[in-house]
Amino acid sequence: MRNWGLLPEEVRNKLRTTEWDHAQHLKKRLLGERPFPISINLRPPSGRQALDDLAGFHAFIEAWQAWPKQGQLTWQQIQYSQLGEKRVPSQLTLDAIQALIEFIGGDAEKRSQQWQQRISPILDVSQKLYSVLIKQLKKLESLSLDEAQVIGQLLPQLSQGMGRGGYLRAMPIIGVDTKFMETHQSFITPLLDVLHDGAISEHGGLMAWLDCIEVPGDWLLVRPLCPTATQAMGGVSILRIPTETLLSTQLPGERLIIVENDQPGYALPALPNTVAVIGGGRNLAWMAAHWLRQKRVGYWGDLDSWGFLFLSEARQHQSHVESLLMDHATLLSHRMRMVEEPDPYSGMPECLTEAERMVFQEIRDGVHGNTRLEQERLSADHILDRLLSW
């Protein structure tokens, strides 16, 4: 590999690496933050270098003589001691993004055409959207032509407060399906922020600006475990409730069982005056609810480091929480069903009883071979006996 005489293909590869395939550099070029022109030193050879590789010297000159856009080239008259005066290319200058695209050619030209097709219907709404579209270039490129057209139709329809306290899917939008707005929310939001002079940011986000309700993200399953509790819940045998609702809505029954995972919650036996909240995992913020203070509350989690951590966190909200099926006898009678916990919690949960702390330490230290006994691995008769006793 010689270190002089860059050929067109070598320059093309260099520009592809440093400009076209470099996402940040490309965006800055398109935004004018990395200004043109681009100047590339073609490294004309010294006399000794040219003599050592005459064929390469002539190939270098001929390659650039054949270059169709000679206006991009700077040629130099160089006096070589043994070769005489030679006209040699010394520099390539690209003065605009289109020149860069054309120089790289091929997929770069195809890609820029795709940009134009997708950006045009959106810029028809406002030319001041150009910079934010370039900043979201990857997302822009992922749009289909139809999606770009729909965004161009959607943006002028959106206005402050038009959600009227409803959900995003219920927005009164013409010609746009109910899922589209939700799917492309992250792309649309900065565009609207530019169109409305930062109003979306000032309101704390698109949903607040539109006056839309956030779709609940944290759901819990509520299962009444006796006819009385079922009747109190309108005859529903299982109900999916947002976390926020449980903070303010008291459940029926004298007792409440919190179950870490979904499937064990379906295995619960019938228990008088009892309701179960199942499948929340570490989603325990709802336990700050004041109405829980008047109930007897039991917590049943995996016999592993995380299960005991969640138990501890449940007690941080309600100190009277009792652990269920997380005792030494349960561990010993099912130890042959233990497995290895993949990513154990390394600390010591704060709110454990002395007996619970002993079980936690035995599990963490691998005293019984493995370090995890899942809820699903407990025998049905053992679950029934313990819960009825409780």
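Report the calculated FRET efficiency for residue 340 and residue 320 (r = Cβ-Cβ distance, R0 = 45 Å), to the nearest 0.05.
After rounding, the FRET efficiency stands at 0.85.
Could you calculate the FRET efficiency of residue 211 with residue 93 from 1/(1 + (r/R0)^6), where r is the beta carbon distance between them and R0 is 56 Å, rounded to 0.05?
Efficiency, rounded to the nearest 0.05: 0.55.
Length gain on complete extension for the stretch residue 282 to residue 377, per 0.36 nm per residue less the alpha carbon to alpha carbon distance?
Full extension from residue 282 to residue 377 adds 32.2 nm.
Do you know the Lys pair count in the chain for C-alpha distances under 15 Å, with sequence separation 8 or more or different chains?
5
Here are a few candidate values for volume of the Cα convex hull per residue in Å³: (i) 234; (ii) 152; (iii) 219. Which one was actually calculated from the structure I just gave you?
(i)
If packing is taken as the average number of other Cβ atoms within 10 Å across a peptide's residues, how do 174-185, 291-302, 154-165 rank, most packed first?
My ranking of the peptides, most packed first, is 291-302, 154-165, 174-185.
Once amide H atoms are placed 1.01 Å from N in the peptide plane, what residues at a sequence separation of 5 or more from residue 276, or on another chain, have their amide H within under 5 Å of its amide H?
Amide H neighbours of residue 276, under 5 Å, 5+ apart: 223, 225, 257.
Rounded to the nearest 20 debye, what is the charge dipole size of the stretch 219-389 about its Cα centre when +1 sits on each Lys and Arg Cβ and -1 on each Asp and Glu Cβ?
Roughly 560 debye, rounded to the nearest 20.
Given H placed 1.01 Å from N in the peptide plane, which residues other than close sequence neighbours of residue 324 have an amide H under 5 Å from its amide H?
Those qualifying (amide H under 5 Å, at least 5 residues apart or on another chain) are 299, 300, 301.
Using modelled backbone amide H atoms (1.01 Å from N, in-plane), which distant-in-sequence or interchain residues come within less than 5 Å of residue 220's amide H?
241, 243
In terms of the Cα gyration tensor, with a ≥ b ≥ c the square roots of its eigenvalues, is the stretch 219-389 rounded because a/c is under 1.5, prolate because a/b exceeds b/c, or oblate?
Because a/c hits 1.5 or more and a/b exceeds b/c, the stretch 219-389 counts as prolate.
Specify the angular offset, from 0 to 90 degrees and rounded to the nearest 10, of the alpha carbon long axis of helix 107-123 from the longest principal axis of the alpha carbons in the chain.
Approximately 60 degrees, to the nearest ten.
Hey, can you rank 110-117, 272-279, 194-201, 88-95 by average C-beta count inside 10 Å, highest first?
Those peptides, ordered most packed to least, come out 272-279, 88-95, 194-201, 110-117.
Tell me, in nm to one decimal, what length is gained between residue 296 and residue 173 on full extension, where the rule is 0.36 nm per residue of separation less the Cα-Cα distance?
That works out to 39.4 nm of additional length.
Among 50, 22, 91, whose Cα sits farthest toward the positive end of the charge dipole of the stretch 8-105 (+1 at Cβ of Lys/Arg, -1 at Cβ of Asp/Glu, about the Cα centre)?
After comparing all options, I get 22.
If you find the alpha carbon centre of the stretch 171-242 and of the stretch 65-143, how far apart are they in angstrom?
45
For the stretch 157-246, build the charge dipole from Cβ charges (+1 Lys, Arg; -1 Asp, Glu) around the Cα centre, then report which of 217, 238, 173 sits farthest towards its positive end.
Towards the positive end, the residue furthest out is 238.
Output ³J(HN,Hα) for the stretch 269-283: one whole-Hz value per residue in order, computed from phi by the Karplus curve 6.51 cos²θ - 1.76 cosθ + 1.60 with θ = phi - 60°, and x for Gly and Pro.
Values, residue by residue: x, 5, 9, x, 6, 10, 10, 10, 10, 10, x, x, x, 8, 6 Hz.
In what sequence, highest mean first, do 248-259, 97-108 appear when ranked by Cβ atoms within 10 angstrom?
Highest mean packing first, the order is 248-259, 97-108.
Taking 51 Å as R0, compute the FRET efficiency from the Cβ-Cβ separation of residue 183 and residue 36 and round it to 0.05.
Given R0 = 51 Å and the Cβ-Cβ separation, E is 0.90.
Using a 7 Å offset from the Cα along the Cα-to-Cβ direction at both residue 23 and residue 54, what is the distance between the two label points in nm, to one decimal?
If labels sit at residue 23 and residue 54, their model points lie 5.2 nm apart.
Karplus couplings for the stretch 3-11 from phi (6.51 cos²θ - 1.76 cosθ + 1.60, θ = phi - 60°), rounded to Hz, Gly and Pro as x?
9, 9, x, 5, 8, x, 5, 5, 5
Given the rule -39500 (n - 2.57) for each run of at least 4 DSSP H residues, summed and divided by the residues of the chain, what is its mean residue ellipticity at 222 nm, to the nearest 500 deg cm²/dmol?
-11500 deg cm²/dmol
Quick one: what are the phi-derived ³J(HN,Hα) couplings along the stretch 351-368, Karplus 6.51/-1.76/1.60 with θ = phi - 60°, whole Hz, x for glycine and proline?
9, 10, 6, 4, 5, 5, 5, 5, 5, 4, 5, 5, 5, 4, 7, x, 4, 9
Values in this text are rule-based calculations from the coordinates and carry no lab data. All values derive from a computational prediction rather than experimental measurement. In this analysis, Cβ positions are derived from the backbone assuming ideal geometry, glycine residues included, and neighbour counts consider all displayed protein chains.
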